[in-house]
Amino acid sequence: MPERRTVALVTLGCARNEVDSEELAGRLEADGWQLVEDAADADVAVVNTCGFVEAAKKDSVDALLEANDLKDHGRTQAVVAVGCMAERYGKELAEALPEADGVLGFDDYTDISDRLQTILNGGIHASHTPRDRRKLLPISPVERQSASDVALPGHGAPTDLPEGVAPQSGPRAPLRRRLDGTPVASVKLASGCDRRCSFCAIPSFRGSFISRRPSDVLNETRWLAEQGVKEIMLVSENNTSYGKDLGDIRLLESLLPELAEVDGIERVRVSYLQPAEMRPGLIDVLTSTPKVVPYFDLSFQHSAPGVLRAMRRFGDTDRFLELLDTIRSKAPQAGVRSNFIVGFPGETEADLAELERFLNGARLDAIGVFGYSDEEGTEAATYENKLDEDVVAERLARVSRLAEELVSQRAEERVGETVQVLVESVDDEDGAYGRAAHQAPETDGQVLFTEREGLVVGRMVEAKVIGTAGVDLVAEPYAGSLECPEEAGR
């Protein structure tokens with residue numbers, strides 16, 4: 001019997017890329033490939049790249065070069081680039097990086113097994129010529145669902161997969177294979193974006209906005225629950241637009257309670273919300289539905305009106321603070337995070353002071369700050385009133401220092417609170433930690449337990465916050481929450 005082909009997936013970038021990697025893993029395993037964790041143990045190393053900003057692109061290139069080095073030392077015979085950077089640059093990336101044996105775009109995903117086999121056999125699969133993926137779907141959102149020939153990573157329909165991939169009970173499995181055993185998983189709610197922010201190139205290579213069917217999202221969530229997942233995080237480029245192409249812009253409000261009722265799911269989290277699209281009904285559902293956490297990942301980007309208009313965005317400091325006041329009036333412990341760009345073309349000292357006024361009043365749990373840099377293909381790259389790099393760097397350092405102080409202060413405000421913590425790690429050396437409702441995976445800090453006795457990965461534990469460590473919380477679990485469910489019911 002011939003030895004099975006082996007493949008490793010190396011994922012960079014956001015949670016959306018993680019979903020795409022698990023879809024590729026499902027396709028490959030269904031076609032007989034053996035998945036391995038370490039690229040050094042794989043015949044083919046597939047690097048799922050990020051093409052968002054320069055730092056992410058550099059990380060992607062470094063990962064490809066690192067995987068290529070394995071060809072001189074171990075089993076690895078081929079290195080293949082997929083993901084956003086591969087989609088965005090295609091032939092250009094292939095020519096600039098000959099170390100990659102293949103550069104595959106989104107259109108190659110359905111035939112990923114054949115593509116990898118061709119490359120493994122020494123053949124060449126021509127890299128695609130990049131195109132504006134917004135033009136592949138109809139302009140009218142309601143007409144997009146019929147465009148079945150457009151590749152949409154992470155939208156794989158349920159299918160019958162081989163034993164060991166699909167669960168033995170429940171709905172037909174999604175075209176997905178989990179790559180880790182953590183109790184949290186992302187679920188793609190939609191793809192693409194219809195917004196035209198002047199600094200962002202994502203819509204050009206991810207395409208226009210298109211929602212997944214609620215039934216597919218529900219079935220995938222049920223399947224994940226059967227795999228032991230306790231928390232799902234809904235991801236897309238813009239979750240607040242979910243349903244507009246399905247004829248119901250309020251579809252998320254009705255879907256969330258259904259997801260929360262899935263057996264085994266303890267927590268539902270929504271990410272990537274646009275402040276300008278927040279609706280009273282959505283705020284109500286996010287702050288009042290059991291198991292749906294009051295978590296608001298709001299893409300503010302700035303708060304000075306002039307900068308926001310140049311960004312092709314909406315709002316201002318006072319309106320943003322009013323939105324936060326509305327959220328906290330309904331859920332005082334709600335978690336809020338956001339990202340901001342400083343040094344945008346034309347940003348004045350007064351604009352920066354306005355952003356600092358917002359940050360000081362917003363009481364955000366997590367803050368990401370980025371210095372502006374030109375992104376090719378964007379409107380902002382053509383603006384004339386650019387700031388000097390040293391000015392951008394100084395403003396980035398200044399606002400980053402403020403952000404670090406503010407999130408530490410916000411953490412201290414939570415001392416004394418009772419939090420529900422999903423245990424994610426219990427280790428003799430590192431202790432035990434998890435995440436509370438206001439903390440998303442990998443971005444918002446974590447909860448460090450004072451003891452690990454009785455803690456089990458995947459269990460939801462009630463604990464009291466007794467201290468902080470920067471943005472992280474230190475908590476003491478209540479004794480009753482450490483009992484097994486069977487014991488607690490006796």
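The values are calculated or read from the model by the stated rules, or taken from the named source; none is laboratory data. What you see is a predicted model, and the numbers here were worked out from it, not measured in a lab. Cβ coordinates were reconstructed from backbone atoms using ideal geometry, including for glycine residues, and neighbour counts include every protein chain displayed. The area values use the complete protein model at the heavy-atom level, side chains included, leaving out ligands, DNA and RNA. Shrake-Rupley method; radii C 1.70, N 1.55, O 1.52, S 1.80 Å.
Normalise the Cα radius of gyration of the chain by 2.2 N^0.38 Å (N = residues in it) and let me know the number.
Details: Rg = 22.9 Å, N = 490, 2.2 N^0.38 = 23.2 Å.
Output field value: 0.99.
Annotation: ILE466 carries an accessible surface of approximately 80 Å², with a 1.4 Å probe and no ligand, DNA or RNA atoms counted. Between amide H atoms placed 1.01 Å from N, distances below 5 Å from ASN339 occur with PHE300, GLN301, GLY368, all of them 5 or more places distant or on a separate chain. For HIS155, the accessible surface of its heavy atoms amounts to roughly 30 Å² (probe 1.4 Å, protein chains only, rounded to the nearest 10). The heavy atoms of LEU136 present about 50 square angstrom of accessible area, all protein chains included, probe 1.4 Å.
Per residue, what accessible area does the chain have, given a 1.4 Å probe and all protein chains present, in Å²? Could you put the intermediate results ahead of the total?
On the way: 20990 Å² over 490 residues.
Per residue, the chain has an accessible area of 43 Å².
Coupling constants for segment 138-147 follow from the phi torsions by the Karplus curve (6.51 cos²θ - 1.76 cosθ + 1.60, θ = phi - 60°), and in residue order they are x, 5, 6, x, 5, 8, 6, 4, 7, 7 Hz; glycine and proline get x. The 1.4 Å probe gives accessible areas that order HIS128, HIS302, largest first, as HIS128, HIS302.
Note on LYS464: aspartates and glutamates with a C-alpha under 12 Å away, same-chain residues under 8 apart excluded, are GLU417, GLU476. Where both bridge residues fall in the chain, DSSP classifies roughly 35% of the beta bridges as antiparallel. Expressed in units of 2.2 N^0.38 Å, where N is the residue count, the Cα radius of gyration of segment 242-361 is 1.18. Based on Cβ point charges of +1 for Lys and Arg and -1 for Asp and Glu, what charge dipole magnitude is obtained for segment 15-144 about its Cα centre, in debye rounded to the nearest 20? Using only the charged Cβ atoms, the result is roughly 660 debye.
Couplings 3J(HN,Hα) for segment 19-29, derived from phi with the Karplus relation 6.51 cos²θ - 1.76 cosθ + 1.60 (θ = phi - 60°), are 4, 4, 5, 6, 5, 4, 4, x, 5, 5, 5 Hz, where x marks Gly and Pro.
Note on the chain: dipole from Cβ charges, positive end direction compared against GLN117, VAL79, GLY335; the farthest Cα belongs to GLY335. Summary value for the chain: 9 percent relative contact order, contacts being C-alpha pairs under 8 angstrom separated by 6+ residues. Calculate the length of the line joining the C-alpha centroid of segment 379-431 to that of segment 188-213, in whole Å. A separation of 25 Å, based on Cα centres.
Taking all protein chains together, GLU375, GLU277, GLU404 sort by accessible area into GLU404, GLU277, GLU375, largest first [probe 1.4 Å]. The 3J(HN,Hα) values that the Karplus relation (6.51, -1.76, 1.60; θ = phi - 60°) gives for segment 74-88 are, in residue order, x, 6, 4, 10, 8, 10, 10, 9, 10, x, 5, 5, 5, 5, 6 Hz. Gly and Pro appear as x.
Charges only on Cβ, +1 for Lys and Arg, -1 for Asp and Glu: so what's the dipole of the chain about the Cα centre, in debye to the nearest 20? Could the numbers behind the result be given before it?
Details: 54 positive and 87 negative charges, 332 e Å.
The calculation lands at about 1600 debye.
When MET278, MET460 are compared by accessible area at a 1.4 angstrom probe, the order from most to least is MET460, MET278.
In this structure the amide hydrogen of ARG459, modeled in the peptide plane, comes within under 5 Å of the amide hydrogens of VAL423, none closer than 5 places in sequence on its chain. Close amide-amide hydrogen proximity is noted between GLN34 and ARG5, THR6, VAL7, each under 5 Å apart and 5 or more residues distant or on a separate chain (H modeled in the peptide plane; Pro and chain starts excluded). Among the listed pairs LYS57/LYS91; LYS188/LYS230; LYS135/LYS188; LYS188/LYS244, those whose Cα-Cα separation exceeds 20 Å are LYS135/LYS188.
Per-residue ellipticity at 222 nm for the chain, helices alone: DSSP H runs ≥ 4 residues times -39500 (n - 2.57), over residue total, nearest 500 deg cm²/dmol?
Numbers: 14 runs with 153 residues, N = 490.
Here the helix-only value at 222 nm equals -9500 deg cm²/dmol.
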